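First comes the structure, then the notes that go with it.
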Amino acid sequence: MPDRDEQDERIAKIFLGVKTGSEVNLRGLGRYRAYLRANLKRPCLLTGSSDFPWEERFILGAGTKNREEYEELKTTRASYTDTFRLMSFYKELYESAGLLVNVRRTSDRKRFLLPLADLKPTDKQSENCQLMNDYSVWLFNEQATFRGSWGCWDEVLPTPRAGRRKARSRAVAR
């Protein structure tokens with residue numbers, strides 16, 4: 001477990017010189033995103049830090065008896081058991097979900113858009129573990145109204161395809 005004082009100091013350094021402090025708002029998320037973009041080592045392989053909201057009923061609830069349905073859904077949805085390659089940070093910021101990242105599942109190369117706080121590096125010895133743990137601690141501790149269980153983020157997040165379509169249509173229009 002990291003020393004809390006050292007962790008607080010690392011997080012505070014990210015926000016040095018910022019008048020608004022380290023609140024989880026669009027400015028704070030933008031600052032943390034810039035910091036992580038500059039400091040995360042690539043390639044960065046990730047996995048779920050715990051089960052994703054859609055998986056809870058299969059792991060904890062009534063769906064535990066329907067293993068076939070769970071396995072079928074895992075072919076089209078991101079699962080906490082998957083391994084992902086971090087592709088990029090999503091351009092939009094969402095206070096309710098924290099930083100979002102575009103990832104690619106390594107087994108079949110499918111792309112997903114996921115909250116960074118729901119992920120952890122697969123290499124527990126990498127510097128990325130500390131960076132991502134610090135981010136998660138900042139996110140959960142600084143945002144009092146943050147939905148601790150993430151609610152149903154898979155229902156409110158934009159899909160990666162929607163963003164690509166807009167970009168293509170703008171490129172064609174030019």
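At-a-glance table
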read-out: Semi-axis lengths (Å, descending) of the ellipsoid that matches the C-alpha gyration tensor of the range 32-75; value: 33, 12, 7
read-out: Label point distance in nm, GLU95-GLN130, each placed 7 Å from Cα along Cα→Cβ; value: 3.2
read-out: Stokes-Einstein diffusion coefficient of the range 1-146, Kirkwood radius over Cα pairs, 20 °C, 1.002 mPa s, in µm²/s; value: 131
read-out: Kirkwood hydrodynamic radius (C-alpha pairs) into Stokes-Einstein, the range 1-83, 4 °C and 1.567 mPa s, D in µm²/s; value: 80
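No value in this document is a laboratory result; all are computed from the given coordinates. What you see is a predicted model; the values in this text were computed from it and never measured. So basically every Cβ, Gly included, is an ideal-geometry build from the backbone, and we count neighbours across all protein chains shown.
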